[in-house]
Amino acid sequence: MEAKTALIIVDLNNDFLPGGALGVAGGDVILPVINKLAGGGDYATVVATQDWHLGDHVSFETWPAHCVAGTFGAELHADLNQTNVHAVIRKGFDQDVDSYSGFYDERGATNGLAELLKARGIECVDIVGIATDYCVKATAIDAVLRAGLKARVLLEACRGVGVHPGDIDQAIEAMRTAGVEIVDGTL
Ligand code: VGL
Ligand code: ZN
């Protein structure tokens, strides 16, 4: 583990786990893997992002209504061990602008994550969670290209939506192209 590395846990909202409004296959499988990473004491900082959409959010033109603020579906899954989680960063809360990225919304407004990590002296991030082809991808690319961090995506602790065949592989290639290190298998 390099010095000053943070773990970013992306969107383990109930709605993204199997049975949720936008349930992603295998979301439950990665929970214990993420708990092990977060609980291992290897990370200087652990943060979790939380998809959090108010009212009739613009995202619901593309996706089924999900992660509606204040509902069970918007809560992070109860099995996610938050003992070592320093902060939960909400994203997508402005009704007319979405935020796949945990760092910046689609208009470029910060969600506060880059500033939090900078204040804590973080230079590297490991990224895990849901969905590989949407919010993990956007968060990882922003980490490198906009927040100036070194970033790794740990695939064994991520799951994707895969609306179209090949989407997840394309997302992985896009992350690699941006300079994200893709880590397969066991760390
Ligand atoms: C996500 C679709 C809509 C994600 C969030 O967390 O990847 N995907 N909102
Ligand atoms: Zn969303």
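Since every read-out is calculated from the coordinates, none of them should be taken as a lab result. The structure presented is a predicted model; accordingly, all values stated were derived computationally and were not measured. Here Cβ is always computed from backbone atoms with ideal geometry, including for glycine, and neighbour counts include all displayed protein chains.
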Taking N as its residue count, the alpha carbon Rg of segment 2-126 over 2.2 N^0.38 Å: 1.05
If every Lys and Arg gets +1 and every Asp and Glu gets -1 at its Cβ, then about the Cα centre the chain yields a dipole, in debye to the nearest 20, of 580
In a GNM of the chain with a 10 Å cut-off on Cα contacts, which of Asp56, Asp11, Asp126 has the highest mean-square fluctuation? Asp56
Ascending count of other beta-carbon atoms within 10 Å, so fewest first, for Arg90, Arg107, Arg146, Arg152: Arg107, Arg146, Arg90, Arg152
Quickly estimate the mean residue ellipticity at 222 nm for the chain, helices only: each DSSP H run with n ≥ 4 gives -39500 (n - 2.57), and the total goes over all residues, rounded to 500. -6500 deg cm²/dmol
Can you tell me, using C-alpha contacts under 8 Å and at least 6 residues apart, the relative contact order of segment 86-187 as a whole percent? 23
Restricting the count to DSSP beta bridges whose residues both fall in segment 1-160, what percent are antiparallel, rounded to a multiple of 5? 10
If one builds a Gaussian network model of the chain from Cα atoms under 10 Å apart, the most fluctuating residue listed among Ile168, Ile127, Ile141 is Ile168
Phi to ³J(HN,Hα) by Karplus 6.51 cos²θ - 1.76 cosθ + 1.60 over segment 69-78, Hz, x for Gly, Pro: 3, x, 9, 4, x, 7, 6, 5, 4, 4
Sticking to Cα atoms, compute the Rg of segment 147-187 to one decimal and its Dmax as the biggest Cα-Cα distance, whole number, in Å. 10.9, 31
Which residue, His77, His53, His86, has the most motion in a Gaussian network model of the chain that connects Cα atoms within less than 10 Å? His86
Counting every Cα pair in segment 1-72, what percent are over 19 Å apart? 44
Among Gly27, Val128, Val161, pick out the residue whose Cα is farthest towards the positive end of the charge dipole of the chain, where Lys and Arg carry +1 and Asp and Glu carry -1 on C-beta, about the Cα centre. Val128
Between Ala78, Ala109, Ala44, whose Cα lies farthest towards the positive end of the dipole of segment 24-130 when Lys and Arg beta carbons carry +1 and Asp and Glu beta carbons carry -1, centred on the Cα centre? Ala44
Which log10 I(q)/I(0) values, to two decimals, does segment 52-187 give at q = 0.20 Å⁻¹ under the Debye formula with one point per Cα? -1.39
